[in-house]
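Report on the structure given below.
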Amino acid sequence: MTVGLTRRRFGQGLGAVVLAFSLRPGLAVAEGEHLPGSLDKNRALDGWIRIDRDGGVTVFAGKVELGQGILTALRQIAAEELDIDLERLRIVSGDTTQTPNEGFTSGSQSIEQSGAALRLAAAEARAILLDLAAARLGASAERLTVADGVISTPEGGRTSYWELVGPDTFRRDATARAAPKPADAHKLVGKSLQRIDIPAKVTGGAIYVQDMRLPGMLFGRVVRPPSYGARLLGIDEAAFRRMPGVVAIARDGSFLGVVAAREEQAIAVRNAMRDAARWQNGPALPDAARIHDHLKSLPARSEVISEKQGPVAAAVQGLSASYTRPYLAHASIGPSCALARSDGGRLDLWTHTQGVFPLRRDLAAALAMPEDRIAVHHVQGSGCYGQNGADDVALDAALLARAVPGRAVKVQWMRDDEFAWEPFGPAMGMSVSADLAADGGIVDWRYEVWSNTHSTRPGRPGGVALLAAWHLDRPLAPPPPEIIPRPSGGGDRNAIPLYDLPQQRVTHHFIPEMPLRVSALRTLGAFANVFAIESFMDELAAAAGADPVEFRIRHLRDGRARDVINAAAAKAGWKPGRHGDGTHGQGLGFARYKNHASYVAIIADVAVDRASGVIRLEKVVAAVDSGQIINPDGLANQIEGGIIQAASWTLKEQVGFDRKGITSRDWDSYPILRFTEVPEIAVELLDRPNEPPLGVGEAAGGPVAAAIANAVAQATGKRLRDLPLVPARVKAAFA
Amino acid sequence: MAEIVQITVNGATHRLSLEPDVPLLYLLRNDLGLNGPKFGCGLGQCGACTVLLGAEAVRSCVAPVGAIGDLPVTTLEGIGTAQNPHPLQRAFIAEQAAQCGYCINGMIMQAKALLDHKRDPSDADIRAALADNLCRCGTHHRIIRAVRRAAREMQS
């Protein structure tokens with residue numbers, strides 16, 4: 001068997017109904033063969049599935065719930081393949097003591113990686129049980145049927161998963177040889193089942209790490225330096241030890257924290273110590289007004305990531321433009337939180353990290369403990385949208401827990417901790433130029449992007465990625481920044497256009513030096529690259545005298561790409577050749593996320609008030625192809641959310657800073673889109689039941705920004721190339 | 001100095017020894033073990049901590065316990081339970097009006113205050129009532145639909 005054996009190939013020729021499928025002997029996994037999704041690195045079948053004595057089934061996933069509904073979707077997949085009722089299925093996720101290591105829950109990959117693994121593992125578990133049933137019932141496996149875990153022969157013989165399973169039944173490596181059901185046999189997959197986590201979330205159930213309470217639990221807070229690189233010169237710790245409720249003051253170099261009996265006491269001490277501490281300031285930050293010039297002036301590792309040379313028609317005109325995006329904050333509604341208990345050389349940690357195993361690696365390095373003495377358990381938190389303070393506060397909690405052995409300590413960051421210290425989505429600059437032939441076709445495309453890394457997540461060798469580690473008396477430096485490999489990429493994510501162009505050259509300038517702390521924010525570089533590419537496509541279409549929809553279609557051979565653009569245009573009532581009336585405009589943006597995941601086309605309607613500079617986003621239409629749909633309503637929820645968040649980035653958001661530090665530290669200085677500002681949204685899902693399912697959480701981001709800018713350009717004739725499109729900038733364009 | 005604070009929450013009266021300037025949020029979460037109101041900003045800007053004080057929606061993160069007086073406090077837990085949900089809670093489930101859900105306490109409590117004095121709000125009314133409640137996941141439309149659905153259900 002070769003690499004890349006797909007579900008579809010398995011499914012071929014199996015017919016509409018697969019009642020049972022026996023594992024065929026002799027189909028062992030070849031040496032060096034890769035298995036699909038996360039199964040490849042986690043092959044133990046009993047690491048994924050357990051048939052419980054109580055009549056339930058437990059599945060284990062390394063991916064975690066971030067509010068995206070993944071646990072609901074994974075349950076649908078597993079219950080589907082196992083042929084059991086959903087109610088029987090438990091799911092355990094993100095726990096270093098129990099689950100497979102699936103790295104991070106990021107990049108809209110959970111359905112692809114965890115979903116593929118669970119689907120195959122469940123299908124294999126079912127096939128093994130059917131073989132056992134066949135032996136017990138004296139019937140061939142092909143004649144058995146399964147209903148809610150009960151296996152029957154046509155003659156009335158019956159047994160069940162729970163009767164058949166033994167302690168070693170699944171103690172073997174997965175082979176991925178049992179064919180999952182074909183799409184047309186699905187009863188659970190493809191349905192809008194309700195999320196399992198929502199009832200608790202709307203009734204005050206204890207579901208977040210913030211809601212955890214352990215016996216004798218104490219509360220911790222940390223005093224952060226006033227700026228990056230500032231050093232704590234001195235503080236009279238004794239004075240603060242006498243404040244009400246204080247159990248411990250923890251200081252290690254410039255790391256300063258308090259543990260108190262009550263939460264408000266910890267906060268009061270934190271604030272008092274912040275005001276009293278003497279700090280030596282760190283190096284000045286660059287000039288915020290010239291940040292993109294500054295970034296471009298820094299040393300860069302430049303690489304041509306795509307080059308195409310070919311015979312081209314003669315160019316009759318050339319265009320060029322530059323675009324920017326600012327630093328963006330994750331801006332989680334709930335500040336990051338963790339709970340830790342340190343006891344006899346062991347550490348238990350409850351966290352809303354996106355990766356329990358990578359976090360454990362960095363905690364072990366920071367605390368000089370062996371990894372097997374640390375247990376990291378995922379519990380939900382506020383939405384993160386990438387790397388917010390979740391991992392950092394875990395180390396804070398661990399350090400404070402060490403100061404009070406045997407006592408659990410809950411630490412939640414304050415609002416300004418989160419805004420000032422979370423790693424931001426990096427500022428980026430994009431320059432593009434292109435030539436057009438007489439027929440309006442693009443004959444040459446040259447694109448450059450400048451960016452820091454888009455991931456400084458924990459789990460990498462060569463340092464510790466957690467904030468507090470950098471402030472210790474013997475500081476542990478962060479590992480050097482790395483280029484995220486293509487095809488997914490980081491700053492160069494979606495930098496290569498999906499369009500079929502005869503000649504192109506795309507250059508990624510990777511800037512190692514990071515003036516502001518940065519890491520992964522939903523979409524990584526794709527948001528800015530798609531904004532630039534799709535804005536420029538409209539600029540080229542205008543220069544060619546072409547309609548933006550037609551202009552894109554003409555440069556796209558990929559049928560699924562053309563389909564989403566046409567679907568969005570039809571749904572939005574797109575009229576070729578429409579001109580803005582000075583106020584109202586309609587704009588298109590399109591991308592295939594990462595060039596290998598979901599296709600999204602967005603059409604935005606805007607109204608521009610020239611006097612105030614306010615852009616009112618009236619309506620957003622989306623057409624989405626994410627392959628096979630597992631849960632249509634969950635998918636729509638992710639798309640709607642992605643649209644609103646991207647609209648907020650586009651219209652309102654930028655991290656503020658001056659020479660001394662971060663100045664956007666609350667919701668007044670970092671405004672996001674409000675109820676009174678959100679657009680009407682219509683989403684069309686193009687189901688492709690025979691294509692692999694693709695994640696969609698990030699796919700709408702870039703197209704939304706471009707669609708808005710293109711709509712503003714159509715409305716007013718003004719092209720805005722620097723994000724965000726805030727009123728001052730819009731007014732300046734008309735001045 | 002700590003004082004004896006008497007406070008009625010979800011119909012039960014409690015007497016606690018507390019500094020009067022302690023924000024109500026910490027009493028609710030840590031002394032009474034309630035999960036509904038959430039710490040979001042501590043500044044009264046985001047709405048995650050919203051509770052009802054009498055009939056008014058207030059930000060419990062900036063409301064000192066000493067200023068509550070005799071007005072009863074109602075939290076998310078006080079309007080309904082998982083077994084017996086309030087029409088708003090039922091509507092939020094029916095509309096799947098949450099992603100991470102951290103803001104949802106505030107959305108439901110703010111909407112409760114709206115529906116208590118306006119039985120049939122327009123979409124514009126709902127948007128205006130929730131304008132100071134922040135949602136980062138972008139679940140706004142589902143929240144609006146859920147409030148509308150609850151209003152319909154409560155009228156019938």
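Key figures for this structure:
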| quantity | calculated |
| --- | --- |
| Residues of the range A:144-163 satisfying the condition of being open to solvent by less than 30 Å² (accessible area, probe 1.4 Å) and either among the aromatic types (Phe, Trp, Tyr) or not assigned by TED's automatic domain parsing to the domain that holds A:GLU87 (or both) | A:TYR161 |
| Residue check, A:ALA408 within 14 Å of chain B (Cβ to nearest Cβ) and either buried (at least 24 other Cβ atoms within 10 Å of the Cβ) or touching a residue at least 24 places away in the same chain (Cβ under 8 Å) (or both) | yes |
| Pair list, Cβ under 9 Å, 6 or more apart: the range A:127-138 residue assigned by TED's automatic domain parsing to the domain that holds A:ALA174, other residue surrounded by 18 or more Cβ atoms within 10 Å (Cβ to Cβ) and among the aromatic types (Phe, Trp, Tyr) | A:ALA127/A:PHE21; A:ILE128/A:PHE170; A:LEU129/A:TYR161; A:LEU130/A:PHE21; A:ALA133/A:TYR161 |
| A:ALA561 away from chain B (no Cβ under 14 Å), aliphatic (A, V, I, L, M), assigned to a helix (DSSP H, G or I) and open to solvent by 10 Å² or more (accessible area, probe 1.4 Å) | no |
| Which numbered condition B:ARG90 misses (of (1) buried (at least 24 other Cβ atoms within 10 Å of the Cβ); (2) of a type outside the set (Asp, Glu); (3) within 11 Å of chain A (Cβ to nearest Cβ)) | (1) |
| Qualifying position, being within 14 Å of another protein chain (Cβ to nearest Cβ) and in contact with a Lys or Arg (Cβ under 8 Å, 6 or more places away or on another chain), among A:LEU233, A:LEU214, A:LEU164 | A:LEU214 |
| Conditions (1) buried (at least 23 other Cβ atoms within 10 Å of the Cβ); (2) out of contact with any strand residue (DSSP E or B) (no Cβ under 7 Å at 6 or more places or on another chain); (3) not acidic (Asp, Glu): number failed by A:ALA134 | (1) |
| Filter result (under 20 Å from B:ALA48 (Cα atoms) and either open to solvent by 50 Å² or more (accessible area, probe 1.4 Å) or touching an Asp or Glu at 6+ places or on another chain (Cβ under 6 Å) (or both)) within the range A:198-218 | A:GLY204, A:ALA206, A:ARG213 |
| Residues (among the hydrophobic types (A, V, I, L, M, F, W, C) and either within 13 Å of chain B (Cβ to nearest Cβ) or under 14 Å from B:ALA97 (Cβ atoms) (or both)) located in the range A:186-200 | A:LEU193, A:ILE196, A:ILE198, A:ALA200 |
| Complete set of residues in the range A:166-187 that are open to solvent by 40 Å² or more (accessible area, probe 1.4 Å) and either under 19 Å from A:GLY37 (Cβ atoms) or in a loop (DSSP other than H, G, I, E, B) (or both) | A:PRO167, A:ASP168, A:ARG171, A:ARG172, A:ASP173, A:LYS187 |
| Scan of the range A:513-559 for residues that are of a type in the set (Gly, Ala, Ser) and closer than 30 Å to A:ALA288 by Cβ, ordered by number | A:SER519, A:ALA520, A:GLY525, A:ALA526, A:ALA528, A:ALA532, A:SER535 |
| Hey, A:ALA141 more than 14 Å from chain B (Cβ to nearest Cβ) and either aromatic (Phe, Trp, Tyr) or buried (at least 20 other Cβ atoms within 10 Å of the Cβ) (or both) or not | yes |
| Single unsatisfied condition, A:GLN628 versus (1) among the polar types (S, T, N, Q); (2) under 24 Å from A:LEU521 (Cβ atoms); (3) more than 14 Å from every other protein chain (Cβ to nearest Cβ); (4) open to solvent by less than 20 Å² (accessible area, probe 1.4 Å) | (2) |
| Residue match in the range B:19-32 (condition: in a strand (DSSP E or B), surrounded by 13 or more Cβ atoms within 10 Å (Cβ to Cβ) and within 12 Å of chain A (Cβ to nearest Cβ)) | yes |
| Residue within the range A:485-503 that is part of a loop (DSSP other than H, G, I, E, B), among the hydroxyl-bearing types (Ser, Thr, Tyr) and modelled with pLDDT under 95 present | yes |
| Out of A:GLY440, A:GLY425, A:GLY381, sole residue that is more than 23 Å from A:TYR228 (Cβ to Cβ), touching a residue at least 40 places away in the same chain (Cβ under 8 Å), open to solvent by less than 10 Å² (accessible area, probe 1.4 Å) and under 25 Å from the mean Cα position of the chain (by Cα) | A:GLY381 |
| Selected residue [open to solvent by 30 Å² or more (accessible area, probe 1.4 Å) and among the aliphatic types (A, V, I, L, M)] from B:ALA97, B:ALA82, B:ALA113, B:ALA131 | B:ALA82 |
| Filtered residues of the range B:123-143 (kept if under 21 Å from A:VAL620 (Cα atoms) and more than 9 Å from chain A (Cβ to nearest Cβ)) | B:ASP123 |
| Tabulated pairs, the range A:194-222, first touching a residue at least 60 places away in the same chain (Cβ under 8 Å), second among the basic types (Lys, Arg) and open to solvent by 20 Å² or more (accessible area, probe 1.4 Å), C-beta under 6 angstrom, 6+ apart or interchain | A:GLY216/A:ARG407; A:LEU218/A:ARG407 |
| Unmet requirement for B:ILE108, which otherwise passes all of (1) at the interface with chain A (Cβ under 8 Å from one of its Cβ atoms); (2) open to solvent by less than 10 Å² (accessible area, probe 1.4 Å); (3) touching a Lys or Arg at 6+ places or on another chain (Cβ under 9 Å) | (3) |
| Cβ-Cβ under 8 Å pairs, at least 6 apart or on other chains, the range A:327-344 side of a type in the set (Lys, Arg), far side open to solvent by 10 Å² or more (accessible area, probe 1.4 Å) | A:ARG341/A:LEU214; A:ARG341/A:ASP348; A:ARG341/A:GLY406; A:ARG341/A:ARG407 |
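Residues checked against (1) open to solvent by 10 Å² or more (accessible area, probe 1.4 Å); (2) of a type in the set (A, V, I, L, M, F, W, C); (3) touching a strand residue (DSSP E or B) at 6+ places or on another chain (Cβ under 9 Å):
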site	(1), (2), (3)
A:VAL29	yes, yes, yes
A:GLY32	yes, no, no
A:GLY67	no, no, yes
A:LEU82	no, yes, yes
A:LEU86	yes, yes, no
A:THR96	yes, no, yes
A:GLU102	yes, no, yes
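Residues are listed down the side, and each one gets a yes or a no for (1) more than 14 Å from chain B (Cβ to nearest Cβ); (2) touching a residue at least 24 places away in the same chain (Cβ under 8 Å); (3) assigned to a helix (DSSP H, G or I):
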{"residue": "A:GLY32", "(1), (2), (3)": "yes, no, no"}
{"residue": "A:LYS41", "(1), (2), (3)": "yes, yes, no"}
{"residue": "A:GLU65", "(1), (2), (3)": "no, yes, no"}
{"residue": "A:GLU80", "(1), (2), (3)": "yes, yes, yes"}
{"residue": "A:ILE111", "(1), (2), (3)": "yes, yes, yes"}
{"residue": "A:SER114", "(1), (2), (3)": "yes, yes, yes"}
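So that you can scan it fast, the table gives a plain yes or no per residue for (1) among the hydrophobic types (A, V, I, L, M, F, W, C); (2) open to solvent by 10 Å² or more (accessible area, probe 1.4 Å); (3) not assigned by TED's automatic domain parsing to the domain that holds A:SER664:
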site	(1), (2), (3)
A:GLN317	no, yes, yes
A:THR324	no, yes, yes
A:TYR327	no, no, yes
A:THR353	no, no, yes
A:VAL356	yes, no, yes
A:GLU371	no, yes, yes
A:ILE374	yes, no, yes
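The values are calculated or read from the model by the stated rules, or taken from the named source; none is laboratory data. The shown structure was predicted, so the numbers you read here are calculated from the model rather than taken from an experiment. Cβ atoms come from the backbone with ideal geometry, glycine included; neighbour counts cover every protein chain shown. Keep in mind that these areas ignore ligands, DNA and RNA; they rest on the heavy atoms of the full protein, side chains included. Shrake-Rupley method; radii C 1.70, N 1.55, O 1.52, S 1.80 Å.
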